[in-house]
Structures are given as structure tokens and as C-alpha cells.
Amino acid sequence: MFYAALHYIQFYFVSDIPRKSFSSHSKRDTAIAGESRLDKIARDYRSLQDWSQRCRYDGVKPSDDDFKKDIVPSLERIKKHINGIFKFL
């Protein structure tokens, strides 16, 4: 789910003028923090990033409740927000 969110965020930045691309998650995180149009979804993105890291590095498996209350809604808010910026999606 995190990487789906990352692709939405990356689309936002490569569609911006000037186009922005990032060589690391930390550089993208800094750009997100500095982009007022992404304020509404920055927390959702961070939540998905945290879940991704916990799953990969700590072996934590999200519960059904985690998916229903946090993971899926976070991705949906990101998708809706980016789609709202770019009406053609």
C-alpha cells in the first residue's frame, strides 16, 4: 500500500513545474513536508510508510482492523487528494 501511495506522490512531483524527482525516501519526505498542497495527506503518507517499514523490517503483520481503520483509508485519502489536484485522473 505504501508504494502505491508513493507513486501518487511521485506523480504529483513529476507533474509539477519544475519537475522534481528524488533519489531517496528522506528527500521525498522533506519535499512533502515543504509542499503546502500535500499538508492534508502528509500524515497518511507517513502512516503508510511506517507500516511498510514495520512489516519489512520488524515482521509486524497488520490486523484486519489496522487495514480497515488506518491503511486502506490512508491510501484512499491520498488517491482522492491527488486526483482532486489533477482532475483528469
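The values are calculated or read from the model by the stated rules, or taken from the named source; none is laboratory data. What you see is a predicted model; the values in this text were computed from it and never measured. Here the Cβ positions follow ideal geometry from the backbone for every residue, glycine too, while neighbour counts run over all protein chains shown. Surface areas here come from the heavy atoms of the whole protein model, side chains and all, with no ligands, DNA or RNA. Shrake-Rupley method; radii C 1.70, N 1.55, O 1.52, S 1.80 Å.
Take the chain with all the other protein chains still there, run a 1.4 Å probe, and you get 65 Å² of accessible area per residue. Longest stretch of the chain clear of exposed loop sites (trypsin sites (Lys or Arg not before Pro), DSSP loop, at most 15 other Cβ atoms within 10 Å, sites excluded): 21-86.
Of the solvent-accessible surface of the chain, computed with a 1.4 Å probe over protein heavy atoms with every protein chain present, carbon and sulfur atoms account for 54 percent. For the range 27-68, the square roots of the Cα gyration tensor eigenvalues, ordered a ≥ b ≥ c, give a/c of at least 1.5 with a/b no greater than b/c, which places it in the oblate category. Computed from the C-beta positions of PHE86 and ARG46 and an R0 of 25 Å, the FRET efficiency is 0.70 to the nearest 0.05.
Computed as a quarter of the hull surface, the mean projected area of the alpha carbon convex hull for the range 1-77 stands at 5.1 nm². Backbone geometry of the range 42-48 corresponds, through the Karplus equation with coefficients 6.51, -1.76 and 1.60 at θ = phi - 60°, to 3J(HN,Hα) couplings of 4, 5, 5, 4, 5, 4, 5 Hz, x marking Gly and Pro.
Sequence-distant contacts, meaning Cα pairs under 8 Å at least 6 residues apart, place the relative contact order of the chain at 39 percent.
Along the range 57-64 the Karplus relation, 6.51 cos²θ - 1.76 cosθ + 1.60 evaluated at θ = phi - 60°, assigns HN-Hα couplings of 9, 10, x, 7, 9, x, 7, 4 Hz to successive residues, with x for each Gly and Pro.
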